1. Could you tell me which residue of segment A:50-76 is modelled with the lowest pLDDT, considering only residues that are open to solvent by 30 Å² or more (accessible area, probe 1.4 Å) and under 18 Å from A:Q37 (Cα atoms)?
2. For segment B:16-58, name all the residues that are aliphatic (A, V, I, L, M), within 14 Å of chain A (Cβ to nearest Cβ), open to solvent by less than 70 Å² (accessible area, probe 1.4 Å) and not in a strand (DSSP E or B).
3. Kindly list, by first and then second residue, each pair from a residue in segment A:1-18 that is closer than 19 Å to A:T79 by Cα and touching a residue at least 12 places away in the same chain (Cβ under 8 Å) to a residue that is open to solvent by 60 Å² or more (accessible area, probe 1.4 Å) and of a type in the set (K, R), limited to pairs with Cβ atoms under 6 Å and residues at least 6 apart or on different chains.
4. Among the residues of segment A:32-51, which ones are at the interface with chain B (Cβ under 9 Å from one of its Cβ atoms) and of a type in the set (S, T, N, Q)?
5. Quick check on my filter: what residues within segment A:80-113 are more than 14 Å from A:Y35 (Cα to Cα), hydroxyl-bearing (S, T, Y) and either at pLDDT below 95 or crowded, with 17+ Cβ neighbours inside 10 Å (or both)?
6. Look through segment A:51-107, keep the residues that are of a type in the set (D, E, K, R) and free of Cβ contacts under 8 Å to residues at least 40 places away in the same chain, and return whichever of them is farthest from A:N28 (Cα to Cα).
Amino acid sequence: DGGITQSPKYLFRKEGQNVTLSCEQNLNHDAMYWYRQDPGQGLRLIYYSQIVNDFQKGDIAEGYSVSREKKESFPLTVTSAQKNPTAFYLCASSPGQGHSPLHFGNGTRLTVT
Amino acid sequence: GQSLEQPSEVTAVEGAIVQINCTYQTSGFYGLSWYQQHDGGAPTFLSYNALDGLEETGRFSSFLSRSDSYGYLLLQELQMKDSASYFCAVRDGGRDTGRRALTFGSGTRLQVQP
């Protein structure tokens with residue numbers, strides 16, 4: 001079955017450490033996205049990529065970095081520059097053509113202490 | 001920029017009908033979407049309106065009025081499993097007319113009671 005895989009489901013890190021969240025999709029989608037969700041809040045866009053080797057900043061890109069070297073993969077690095085990194089991170093993909101719904105992974109809950 | 005407003009919480013009983021409203025402000029507009037998210041889970045797509053009017057999909061319907069920058073999600077014959085958060089989202093031009101990402105509202109938490 002096609003889908004989006006985020007790993008790990010739970011991640012714990014010490015303050016000051018960079019951490020990379022994995023996102024892999026086998027839906028053959030061109031576009032991929034990273035959203036951050038804080039408790040009781042909506043999803044805020046961190047970065048998105050419409051095609052391999054290209055990506056754009058979203059609304060809250062500071063303290064994050066991404067790469068898109070392969071169509072299937074869009075890893076997100078949370079750097080030590082991110083002031084409040086503890087959150088639920090959701091990766092999504094879409095075909096990228098016209099209106100196409102986002103398909104989400106099950107998320108990674110990152111806790112930084 | 002873009003912003004969306006929706007109520008934070010709604011409570012209803014099983015079998016009832018509930019309407020979740022969403023108003024939006026965007027620099028461009030390419031449609032209003034609705035997503036459902038159960039606690040701790042992934043958001044899943046429910047519906048999309050690009051044109052004015054009502055779209056019906058089973059027990060769920062979604063309405064859009066572009067002139068009022070307003071839409072709603074209507075859930076009929078509520079079931080306990082409908083207890084979840086519901087998000088409206090718009091795709092707009094934002095600062096970059098090529099932007100194809102969705103901007104989400106803060107979500108409405110629906111609690112269905114027996």
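The values are calculated or read from the model by the stated rules, or taken from the named source; none is laboratory data. Only a predicted model underlies this, so the values are computations on that prediction, with no experimental measurement involved. Quick reminder, even Gly has a Cβ in these numbers, built from the backbone with ideal geometry, and neighbours come from all protein chains shown. Areas reflect the complete protein model, heavy atoms only, side chains present, ligands, DNA and RNA absent. Shrake-Rupley method; radii C 1.70, N 1.55, O 1.52, S 1.80 Å.
1. Within segment A:50-76, the first condition is being open to solvent by 30 Å² or more (accessible area, probe 1.4 Å), and the residues that meet it are A:50-57, A:59-60, A:62, A:65, A:67, A:69-72, A:75.
Narrowing the set further to residues that are under 18 Å from A:Q37 (Cα atoms) leaves A:57, A:59-60, A:62, A:65, A:75.
Numbers: A:K57: 94, A:D59: 91, A:I60: 95, A:E62: 96, A:S65: 97, A:P75: 98.
Within segment A:50-76, the match that is modelled with the lowest pLDDT is A:D59.
2. Keep residues of segment B:16-58 that are aliphatic (A, V, I, L, M), which gives B:16-18, B:20, B:32, B:42, B:46, B:50-51, B:54.
Right, trim to within 14 Å of chain A (Cβ to nearest Cβ) and you get B:20, B:32, B:42, B:46, B:50-51.
Pick out the ones that are also open to solvent by less than 70 Å² (accessible area, probe 1.4 Å) and you get B:20, B:32, B:42, B:46, B:50.
The answer is B:A42, B:A50.
3. If the second residue must be open to solvent by 60 Å² or more (accessible area, probe 1.4 Å) and of a type in the set (K, R), the pairs left are A:Y10/A:R109.
4. A:Q37, A:Q41, A:Q50, listed by residue number.
5. So in segment A:80-113, the residues more than 14 Å from A:Y35 (Cα to Cα) come out as A:80-84, A:95-101, A:111-113.
So of that shortlist, the ones also hydroxyl-bearing (S, T, Y) come out as A:80, A:100, A:111, A:113.
Of everything in segment A:80-113, those that are more than 14 Å from A:Y35 (Cα to Cα), hydroxyl-bearing (S, T, Y) and either at pLDDT below 95 or crowded, with 17+ Cβ neighbours inside 10 Å (or both) turn out to be A:S80, A:S100, A:T113.
6. Filtering segment A:51-107 for residues that are of a type in the set (D, E, K, R) and free of Cβ contacts under 8 Å to residues at least 40 places away in the same chain, the one farthest from A:N28 (Cα to Cα) comes out as A:K83.
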